[in-house]
1. If you take every DSSP beta bridge fully contained in the chain, what fraction is antiparallel? Give it as a percent rounded to 5.
2. Where is the GNM fluctuation largest for the chain (alpha-carbon springs, 10 angstrom cutoff): Glu127, Glu183, Glu206?
3. Once phi is turned into ³J(HN,Hα) by the Karplus curve 6.51 cos²θ - 1.76 cosθ + 1.60 with θ = phi - 60°, what whole-Hz value does each residue of region 56-62 show in order, with x for glycine and proline?
4. Per residue of region 113-120, what does 6.51 cos²θ - 1.76 cosθ + 1.60 with θ = phi - 60° give for ³J(HN,Hα)? Whole Hz please, x for Gly and Pro, Karplus curve as stated.
5. Pick from Pro103, Pro16, Pro69 the residue whose mean-square fluctuation is largest in a GNM of the chain, springs joining Cα atoms under 10 Å.
6. When the Karplus curve 6.51 cos²θ - 1.76 cosθ + 1.60 is applied with θ = phi - 60°, which whole-Hz ³J(HN,Hα) does each residue of region 21-38 get, with x for Gly and Pro?
7. Using only the Cα atoms of the chain, what semi-axes does the equivalent ellipsoid have when each is the square root of 5 times a gyration tensor eigenvalue? Give whole Å, largest first.
8. Counting pairs of alpha carbon atoms under 8 Å apart in space and at least six apart in sequence, what relative contact order in percent does the chain give?
Amino acid sequence: MNELLLSGEGLVKDFPLRRSVLTGKPTKVFRALDGVSIELRSGETLGIVGESGSGKSTAAELLGDLQKPSSGAVRYKGEDIRSLSAEDYAHYRRNVQFIFQDPMGSMNPHYRIESILAEPLLTLRIELDAEKRREKARRMCAAVGLDESILGKYPSELSGGQCQRVAIARALITEPEVLVCDEAVSALDVSVQAQILNQLRELQRELHHSYIFISHDIGVISFMSDRIAVMQKGKLIEYGPAKKVLSDPQQEYTKQLLKASFARREEN
């Protein structure tokens with residue numbers, strides 16, 4: 001059985017909408033995530049699907065410790081991340097990396113691509129030798145199908161597809177166990193989407209990492225995923241092997257997502 005890498009147990013996330021003037025404590029909250037339990041094993045892709053506001057991105061950000069849960073626990077290889085030693089926490093952070101929807105927005109426009117790719121190696125103190133960082137940046141460009149001439153360019157000089165490939169290379173450069181892809185292809189046109197999705201699958205076969213793949217499009221999720229989690233209004237409403245969820249959905253919401261995906265395919 002594949003190793004359990006990441007899990008969330010009873011995850012709740014509340015955002016304060018109003019606070020007491022006297023105490024500063026929340027008097028009204030929005031519950032973005034409501035008791036979600038989910039897990040990711042080595043070598044697999046977990047797809048999380050739902051409409052905007054369903055809580056899918058919040059769940060992934062809790063698993064990657066970009067946000068703290070209001071209650072519940074995130075575990076890395078069975079250990080609560082809040083109880084990890086500094087060394088073990090650094091290992092966890094290195095091994096859970098994100099690819100976001102807006103790659104251009106996540107890059108410093110004043111840095112060349114070489115510096116953008118090498119930055120995680122320096123920040124996480126993985127590689128302090130400048131020449132070795134440059135060499136690794138060149139190798140990662142080749143891995144994601146980019147010519148190394150791109151290393152001297154700025155983000156504004158790249159196409160959307162090239163920017164997304166740079167974002168993938170930057171996430172992979174630390175050799176993580178888990179890549180969280182948060183709407184990583186939704187801003188791209190259909191032909192570029194297909195190229196990026198195929199590239200991600202090929203990289204997974206070569207490097208044996210795991211994906212958490214987040215999308216509002218269940219068609220994209222079905223192409224990428226081994227297991228699927230369907231979310232609605234902060235709750236996990238359907239969860240299981242991808243083939244079962246897609247061929248025999250139990251929830252009306254899941255059926256509607258499938259119908260919407262089929263309609264988009266017919267339009268294209």
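1. Working: 25 of 43 bridges.
Percent antiparallel among DSSP bridges in the chain is about 60.
2. Of Glu127, Glu183, Glu206, the most mobile in the Gaussian network model is Glu206.
3. 5, 5, 4, 4, 5, 5, 5
4. Along region 113-120, the couplings run 4, 4, 5, 5, 5, 7, 4, x Hz.
5. Pro16
6. Once θ is set to phi - 60°, the couplings for region 21-38 become 5, 7, 9, x, 7, x, 10, 8, 10, 9, 8, 7, 9, 10, x, 8, 10, 7 Hz.
7. 30, 25, 19
8. 25
The values are calculated or read from the model by the stated rules, or taken from the named source; none is laboratory data. Owing to the predicted nature of the structure, the values given are computational and were not obtained by experimental measurement. In case anyone asks, the SASA skips ligands and DNA or RNA and just uses the protein heavy atoms, side chains included. Shrake-Rupley method; radii C 1.70, N 1.55, O 1.52, S 1.80 Å.
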